[in-house]
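Worksheet: one structure, shown below.
The values are calculated or read from the model by the stated rules, or taken from the named source; none is laboratory data. Quick caveat: nothing in here was measured; it's all calculated off a predicted structure. Backbone-built Cβ (ideal geometry, glycine too); neighbour counts: all protein chains shown. Accessible surface is based on the protein model in full, side chains and every heavy atom, while ligands, DNA and RNA are left aside. Shrake-Rupley method; radii C 1.70, N 1.55, O 1.52, S 1.80 Å.
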Amino acid sequence: MFGENGIYGKSYHKMIDKNRIIIPLSTNVEAKEELCFIEEDELTFKICSLKELKKEIEQLKNIKVSSIEEKEKKEKEITKITFFINSYSIVDKERRIVIPKYFLEKYNIKKELIFQGAYNHIKVFSSDENYKKYMKKLKK
C-alpha cells in the first residue's frame, strides 16, 4: 500500500530500459497498483497512489460544510487533486513503472532521478540542483 505507513528519506535511482524505474521497497507498493504522476512546479513532480488519492477525495466529499464559502473551498480542493493528475502507470511484478514521456521532457530527465519521500507520495527531482532549489524554497 503506497503511502500507508509514510515514505521518508532521499535516494538516487537510475532509469532502466524503456524509461522505467523501480519503486523503492519503502513504499510497500504492490504489483498491479496504479500510480499517478502529478505536476507540482518547475522543479518537481510527485508519484502518488491512485487508490490513496481516491480515499482523500472521498474524505473531502464527506466533510460537512455550513457555508457557500466552505463548499467552494472543498470543491476547489477536490478539483485541485484531480486536475493535476497527468498520467498513470501500473506497477509490474518487479515494482517497475514507466515514467511518462511528458515528464521526461518537461523535467529534462536523463538517466538518474532523486526521490524524496514526502509521507504519502514521492517527490521526484531530475538533479541535485533542482533538489537544492526546492529545499531553499521550503525554508522561506
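Between the alpha-carbon centers of the stretch 1-33 and the stretch 41-117, tell me the distance in whole angstrom. If we compute the Cα centre of each part, the gap is 15 Å. Mind running the shape call on the stretch 14-59? Use the C-alpha gyration tensor, a ≥ b ≥ c as the square roots of the eigenvalues: rounded below 1.5 for a/c, prolate if a/b tops b/c, oblate otherwise. Note, shape of the stretch 14-59 comes out oblate. Among the GluC sites (Glu not before Pro) in the stretch 31-70, those placed in a DSSP loop whose Cβ has at most 16 other Cβ atoms within 10 Å are 40, 42. Backbone geometry of the stretch 25-40 corresponds, through the Karplus equation with coefficients 6.51, -1.76 and 1.60 at θ = phi - 60°, to 3J(HN,Hα) couplings of 4, 4, 7, 6, 5, 10, 4, 6, 6, 8, 10, 10, 10, 10, 5, 10 Hz, x marking Gly and Pro.
Counting 0.36 nm for each residue step from residue 68 to residue 41 and taking away their Cα separation leaves a gain of 6.7 nm. Relative to the longest principal axis of the Cα atoms of the chain, helix 128-138 runs at roughly 20 degrees. GNM remark for the chain: springs join alpha carbons under 10 Å apart, and the peak mean-square fluctuation among 54, 106, 18 falls on 18.
Nearest 10 degrees is fine. How inclined is helix 50-61 to the longest principal axis of the chain, computing both from alpha carbons? Helix 50-61 and the main axis of the chain meet at about 20 degrees. Full extension of the segment from residue 110 to residue 75, taken as 0.36 nm per residue of separation minus the current Cα-Cα distance, would add 8.9 nm. Once the 1.4 Å probe is applied to the protein heavy atoms, the stretch 1-131 comes out at 60 Å² accessible per residue.
Cα-based values for the chain, radius of gyration first and Dmax second, are 15.9, 52 Å. Computed about the Cα centre, the dipole magnitude for the chain is approximately 340 debye when only Lys and Arg (+1) and Asp and Glu (-1) carry charge, each at its Cβ.
Counting 0.36 nm for each residue step from residue 20 to residue 58 and taking away their Cα separation leaves a gain of 10.6 nm. Calculated FRET efficiency, residue 31 to residue 128, Cβ-Cβ distance, R0 = 30 Å: about 0.45 to the nearest 0.05. For the chain, the longest principal axis of the Cα atoms and the long axis of helix 68-83 meet at an angle of about 20 degrees.
Loop-resident chymotrypsin sites (Phe, Trp or Tyr not before Pro) (DSSP state other than H, G, I, E or B) in the stretch 1-50 with no more than 16 further Cβ atoms inside 10 Å of their Cβ: 8. Counting only protein heavy atoms and a probe of 1.4 Å, the accessible surface of the stretch 16-140 is 53% carbon and sulfur.
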